[in-house]
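Below: the structure, in structure tokens.
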Amino acid sequence: QVQLVESGGGLVQAGGSLKLSCASSVNIFGFYDMGWYRQASGKQRELVAMITRGGGTNYADAVKGRFTISRDNAKNTVYLQMNSLKPEDTAVYYCNARDTWAYWGQGTQVTVSS
């Protein structure tokens, strides 16, 4: 059974940084890709960043140059380093992994104060 557990969220001032972690209960190399999504209050869930099995990355325009996704296959963990945070980055951040199915974590709250 696949379980994804996010951690690292919290409250930070604008301009600050946070690093999110997503720990998988299974070997992450088996997934086609893994990503981070976010959902702000009253809005749809949106892709923030994605990393493929081969290490290729893709970012939403709103976070390019500020966020970095990475993976540590030995630790079965994917990270999202978030720098220069803005109030509009406030959301619940979800980890996602895909193989034949799509798996989701429970989410971690990120709140950026102005």
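In segment 81-92, the residues that are of a type in the set (D, E, K, R) form Cβ pairs under 8 Å with partners that are in a strand (DSSP E or B), at six or more places apart or across chains, as follows: 86/112; 88/112; 89/38; 89/82; 89/110; 89/112. Of all the residues in segment 94-114, those that are open to solvent by 50 Å² or more (accessible area, probe 1.4 Å), of a type in the set (A, V, I, L, M) and touching a residue at least 40 places away in the same chain (Cβ under 8 Å) number 0.
Contact annotation: residue pairs with Cβ atoms under 8 Å, 6 or more positions apart or on different chains, pairing a residue in segment 27-55 that is among the basic types (Lys, Arg) with a partner that is open to solvent by 60 Å² or more (accessible area, probe 1.4 Å), are 38/45; 38/46; 45/39; 53/29; 53/32.
Scanning segment 27-47 for residues that are open to solvent by 60 Å² or more (accessible area, probe 1.4 Å) and of a type outside the set (S, T, N, Q) yields 29, 32, 42, 43, 45, 46. Checked against the criteria, residue 77 does not count as surrounded by 15 or more Cβ atoms within 10 Å (Cβ to Cβ), farther than 15 Å from residue 30 by Cα and touching a residue at least 12 places away in the same chain (Cβ under 8 Å).
The values are calculated or read from the model by the stated rules, or taken from the named source; none is laboratory data. Fair warning: this is a prediction, and the values are worked out from it, not measured in the lab. As a convention, Cβ positions derive from the backbone with ideal geometry for all residues, glycine included, and neighbour counts pool all protein chains shown. These area figures cover heavy atoms from the full protein model, side chains too; ligands, DNA and RNA do not enter into them. Shrake-Rupley method; radii C 1.70, N 1.55, O 1.52, S 1.80 Å.
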